[in-house]
1. So what is the relative contact order for the chain, in percent, with contacts set as C-alpha pairs under 8 Å and at least six apart?
2. Using packing as a proxy for protection, rank 15-28, 54-67 so that the peptide with the highest average count of other Cβ atoms within 10 Å comes first.
3. Starting from the 7 Å offset along Cα-to-Cβ, what nm value, one decimal, do you get for the label separation of Asn3 and Glu65?
4. Helix-only estimate, please: 222 nm mean residue ellipticity of the chain, summing -39500 (n - 2.57) across DSSP H runs of length 4 or more and dividing by its residues, to the nearest 500.
5. Calculate the spin-label point distance for Leu12 paired with Glu52, positioning each point 7 Å from the Cα along the beta-carbon direction, and give it in nanometres.
6. Tell me which lysines have Cα within less than 27 Å of Lys71's Cα, excluding those fewer than 8 residues away on the same chain?
7. Using the C-alpha gyration tensor of the chain, what are the square roots of 5 times its eigenvalues, in whole angstrom, with the largest one first?
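No lab work stands behind these numbers, since they all come straight from the coordinates. All values reported here derive from a predicted model rather than from experimental measurement. Ideal geometry is used to build each Cβ from the backbone, glycine not excepted, and the neighbour counts take in all protein chains shown.
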Amino acid sequence: MENIIKNACNELDLTYKEFGELIGYGEGAIKSAISKNKVSSPMKKAVELYFEKLELENKIKKSEEFKAILKEFLEN
């Protein structure tokens, strides 16, 4: 079974330390979860919420781009 932390770090091209800082965990906790292949429920939830946050930020960015295009269209 793949480790959710390893997958996240690979997908985001981040070190364990960098990813840990993003989700509120120290490098030691991240390395421990990976070496033991045992991610706690709160850590798993933090990873899931981080990816949800990225997805929502992307949606906001796209809607802002659409809004700007629509505004430009309506002004012309």
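1. 29
2. Top of the packing list down: 15-28, 54-67.
3. 3.4
4. So the calculated ellipticity at 222 nm is -26500 deg cm²/dmol.
5. That separation, rounded to one decimal, is 1.5 nm.
6. Partners within reach: Lys53, Lys59, Lys61, Lys62.
7. Values for the chain, descending: 36, 10, 10 Å.
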